[in-house]
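The values are calculated or read from the model by the stated rules, or taken from the named source; none is laboratory data. Not measured: the values here are computed from a predicted model. As a convention, Cβ positions derive from the backbone with ideal geometry for all residues, glycine included, and neighbour counts pool all protein chains shown.
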Amino acid sequence: MSSIQQDGRYDLHTHTQASDGMNAPAENVRLAKQKGLAGLAITDHDTLSGIEEAMGAGKEIGVNVIPGVEISTRASGKDIHVLGYFLRYEDETLRSRLEQLRTVRETRNERILEKLNTLGISITMDEVISGLGRELGPDDSVGRPHIADVLVRKGVVADLREAFDKYLAEGAAAYVSLPRVGPVEAIAWIKEAGGASVIAHPGLYGDDDLVRQIIEEGQPAGIEVYHSDHGPEEEERYRGMALEYDLVMTGGSDYHGVRRGQVFHGDLGSRTVEADVLEQLRSRTGL
Ligand code: AMP
Ligand code: FE
Ligand code: FE
Ligand code: ZN
């Protein structure tokens, strides 16, 4: 058994070009090395397609790569993200479940473009895909940031923030939400694939009652206490919630790379946890 017990710090939330990150998976691994981290997790939206490349790079340069995912779910009219770690990433059931989510995502993206067209903004899926700056892999996931990028490129909006505020954010003019899996079910999927589940960035939902309800019903392994969009107050609040429910306190930058000169959500390595958090997560896999 290859149990990599590496002391040091870990960024447990990073995105790659497999979803809406800007870097190739191997590039995130190189950055982790450069920043002196012992390791990182690859947590792309609804896909596992960046993991193998990252694991290969990790072996080569001596960085511990934790296979992960960030599943987009819906509950009480909100987008709730559930992170999974140490999954059997070749698991066929998990793969086909994520594939279904990506199909919903594709339909959702088409509907967003239709709405934009109705608003007099002409954008095609070809433009979105050609703007990716890379070949779209069969299991890669396309998201709103890619659409936002085209809106900026076409001069419809000045920057990505305006793209979200005016058109793409929840409640904005071209917002579309389709029925998705619920967080409790996503937690179960992760468990079934031998992984440990974590409620991502709870501070972003503005609804701690809902977060509590998900914890009580789904019994995840952990909660993301440290995140680029959490301030000291959120960290304190979710540390409290973790203690209350006996959850592992995880953290990560939610690094998406640099898009149009800006780092989203935080720089790789700017939020990290110690190696013992990994061991805590590992001890709660598949429960
Ligand atoms: P999607 O998964 O396609 O619905 O897109 C959600 C992603 O869009 C999130 O993971 C973020 O990376 C990004 N995002 C969401 N809201 C904003 C915002 N207001 N500004 C910039 N990026 C955002
Ligand atoms: Fe994202
Ligand atoms: Fe997220
Ligand atoms: Zn994320």
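Here Gly50 meets the list (1) small (Gly, Ala, Ser); (2) in contact (Cβ under 8 Å) with a residue 60 or more places away in the chain; (3) within 14 Å of Ser141 (Cβ to Cβ) almost entirely, failing just condition (2).
Could you check the stretch 141-159 and list, in sequence order, the residues that are in contact (Cβ under 8 Å) with a residue 12 or more places away in the chain and either within 16 Å of ligand 3 (Cβ to nearest atom) or among the small types (Gly, Ala, Ser) (or both)? Break it down stepwise before answering.
So in the stretch 141-159, the residues in contact (Cβ under 8 Å) with a residue 12 or more places away in the chain come out as 141-154, 156, 159.
Those that are in contact (Cβ under 8 Å) with a residue 12 or more places away in the chain and either within 16 Å of ligand 3 (Cβ to nearest atom) or among the small types (Gly, Ala, Ser) (or both): Ser141, Val142, Gly143, Arg144, Pro145, His146, Ala148.
Taken together, the residues in the stretch 255-269 that are away from ligand 3 (no atom under 12 Å from the Cβ), assigned to a strand (DSSP E or B) and at negative phi amount to 4.
On the given criteria, is Ala174 touching a residue at least 40 places away in the same chain (Cβ under 8 Å), of a type outside the set (Ser, Thr, Tyr) and crowded, with 22+ Cβ neighbours inside 10 Å? Step through it out loud before you land on a result.
Details: touching a residue at least 40 places away in the same chain (Cβ under 8 Å): yes; of a type outside the set (Ser, Thr, Tyr): yes; crowded, with 22+ Cβ neighbours inside 10 Å: yes.
Answer is yes for this residue.
Go through the stretch 170-208 and give me each residue that's farther than 28 Å from Ser96 by Cα and within 16 Å of ligand 4 (Cβ to nearest atom). Gly203, Leu204, listed by residue number. In the stretch 98-118, the condition of being modelled with pLDDT of 95 or more, more than 16 Å from ligand 3 (Cβ to nearest atom), crowded, with 22+ Cβ neighbours inside 10 Å and hydrophobic (A, V, I, L, M, F, W, C) is met by no residue.
In the set (1) under 19 Å from Thr250 (Cα atoms); (2) among the hydrophobic types (A, V, I, L, M, F, W, C); (3) more than 16 Å from ligand 1 (Cβ to nearest atom), Ala26 fails one condition alone, (1).
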